[in-house]
Every structure is written in structure tokens, then in C-alpha cells.
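Take a look at the structure set out below.
The values are calculated or read from the model by the stated rules, or taken from the named source; none is laboratory data. Bear in mind that the values here come from a model prediction, so they are computed numbers and not experimental data. Cβ sites come from the backbone with ideal geometry, for glycine too, and all protein chains shown count toward neighbours.
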Amino acid sequence: MSSTTDTACSLTGNSLVGNSLTAKKCVPCEGGVPLLTQEEIAAGLALTPSWELVPTGLQIRRTWRAKNFVDAVQQLQQITTLAEEEGHHPDFHLTNYRDVAIEIWTHAIGGLSENDFILAAKIDRMLARDFPKLSAAQPR
């Protein structure tokens, strides 16, 4: 799954377990592949503890409170750049001027793929590096 010309967007075997998600690249997905299994989702969530499964089980979500509106927008702008580089686009929610939520899923298959956890891990790494005061344990 390291080639950007790959069209698969599901896990092969146990590729989430034991591998660094941030070393991987999201691959194009046009649909037609199965959703992640519950076991694969659990493995992905274990590697991205800042994220939670939404009640439908089809998306992952991370929330936090930014220092202020400007920080919130800067964080979303940086995530936008990262998402463009990965070719995988999350949904953003900014409420109460600094409460941020991001939801990720693979739109083409209507649920979760490995790409979602790759992007989540890269978002976490970017936030930790560029916004060190933003604690992963600081949900809104």
C-alpha cells in the first residue's frame, strides 16, 4: 500500500498492527473494497488514541479546544495542507469560535479504511509538533 498509484483502500491482513501509520501514504480509493472489520478498527484506534469511533461506527472523530479563534483556523489550515498532500479529505467543524472537531472516513466506501487511520496519525503528529500546548488529553 505504499505506492500512490495503488487503488486499494482497505487493509491487507494486519497491516495496521506493528507498523507506523505516519510512514504510510494514503492511496486513492474509488470504492469497491470492503470496510475495515471491527478488529481492524480497534487496532487503528489503539494506534490513534486521540480519536474515537462515532456511534455509527463508520467514522472516526477528534475534538479539542483551541487557544482562540486564530489558533483554531491555523490548525485547520495546516490540516487542510496535509489532507491535500495525502489526497484524503476530512470534515471540519468549528463551533463556539475555538471548539474544533474533525471527522474522517473514506467517502467512496461509506466507512473506514486504512487511509483514515493514516491521516489521523499524521494529523496527531502535526498538531503535537506545531501546537505543543494543544494536549491530546484536552477534548472540548
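Going through the stretch 49-67 one residue at a time, which ones are buried (at least 17 other Cβ atoms within 10 Å of the Cβ), part of a strand (DSSP E or B) and without any contact (Cβ under 8 Å) to a residue 60 or more places away in the chain? Passing the criteria: only 61. Taking the criterion of being among the small types (Gly, Ala, Ser) and under 11 Å from residue 119 (Cα atoms), the residues of the stretch 67-99 that qualify are 83, 87. Under the condition of being among the β-branched types (Val, Ile, Thr) and in a helix (DSSP H, G or I), the residues counted in the stretch 34-48 number 1.
Apart from one condition, residue 121 fits all of (1) farther than 27 Å from residue 39 by Cα; (2) at pLDDT below 95; (3) touching a helix residue (DSSP H, G or I) at 6+ places or on another chain (Cβ under 6 Å); the exception is (1).
Considering only the stretch 108-124, how many residues are in a loop (DSSP other than H, G, I, E, B) and either surrounded by fewer than 14 Cβ atoms within 10 Å (Cβ to Cβ) or touching a Lys or Arg at 6+ places or on another chain (Cβ under 9 Å) (or both)? Talk me through it step by step, then tell me what you get.
Quick first cut of the stretch 108-124, residues in a loop (DSSP other than H, G, I, E, B) only: 108-110, 112-113.
Checking which are either surrounded by fewer than 14 Cβ atoms within 10 Å (Cβ to Cβ) or touching a Lys or Arg at 6+ places or on another chain (Cβ under 9 Å) (or both) leaves us with 110.
Counting residues in the stretch 108-124 that are in a loop (DSSP other than H, G, I, E, B) and either surrounded by fewer than 14 Cβ atoms within 10 Å (Cβ to Cβ) or touching a Lys or Arg at 6+ places or on another chain (Cβ under 9 Å) (or both) gives 1.
Can residue 127 be described as touching a strand residue (DSSP E or B) at 6+ places or on another chain (Cβ under 6 Å), part of a helix (DSSP H, G or I) and over 23 Å from residue 36 (Cα atoms)? Judged against the criteria, residue 127 is not a match. Among the residues of the stretch 74-88, those that are within 14 Å of the chain's Cα centre (by Cα) and either exposed (fewer than 13 other Cβ atoms within 10 Å of the Cβ) or among the basic types (Lys, Arg) (or both) comprise 81, 84, 85.
For the stretch 131-140, the candidate set comprises residues that are loosely packed, with under 12 Cβ neighbours inside 10 Å and farther than 22 Å from residue 54 by Cβ; within that set, the residue that is modelled with the lowest pLDDT is 133. Restricted to the stretch 39-50, and to residues there that are modelled with pLDDT of 95 or more and under 11 Å from residue 116 (Cα atoms), the residue that is nearest to the chain's Cα centre (by Cα) is 45.
Of all residues in the stretch 35-48, those that are farther than 22 Å from residue 108 by Cβ and crowded, with 17+ Cβ neighbours inside 10 Å total 1. The criterion of being of a type in the set (Gly, Ala, Ser) and part of a strand (DSSP E or B) does not hold for residue 83. Does residue 99 satisfy the condition of being under 16 Å from residue 128 (Cα atoms) and in contact (Cβ under 8 Å) with a residue 24 or more places away in the chain? No; evaluated as a whole, the condition is false for this residue.
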